[in-house]
Amino acid sequence: MFGQGESSQNIANFQIPPVTVWLPGMAAPFEFKINRESAAGYFLVLGVSGVMYVLARALLASRLGA
């Protein structure tokens, strides 16, 4: 998944860029850092998965999905 060779030996050092969320009314943007030290990335994935599940259920319940 991360490639072969020398870089695959340093997989623990792989850095994922943070996902920044900024909504109106927020004083500063919030960064979801996906790493071993923070659970924010877990909650980001959980939230997006929940929203996608609700949208899929709504689509299946509509005339289009029937």
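Looking across the stretch 25-66, not a single residue is surrounded by 11 or more Cβ atoms within 10 Å (Cβ to Cβ), hydroxyl-bearing (Ser, Thr, Tyr) and more than 22 Å from residue 15 (Cβ to Cβ). Scanning the stretch 29-54 for residues that are in contact (Cβ under 8 Å) with a residue 12 or more places away in the chain and either farther than 12 Å from residue 19 by Cβ or not in a helix (DSSP H, G or I) (or both) turns up 31, 32, 33, 34, 35.
Filter the stretch 10-33 down to the residues that are touching a Pro at 6+ places or on another chain (Cβ under 7 Å) and among the β-branched types (Val, Ile, Thr), then identify the one that is modelled with the lowest pLDDT. Restricting to residues being touching a Pro at 6+ places or on another chain (Cβ under 7 Å) and among the β-branched types (Val, Ile, Thr), the top hit is 21.
The values are calculated or read from the model by the stated rules, or taken from the named source; none is laboratory data. A quick note: this is a predicted structure, and the numbers were derived from the prediction, not measured. Counting neighbours? That spans all protein chains shown, and the Cβs are built from the backbone with ideal geometry, glycine included.
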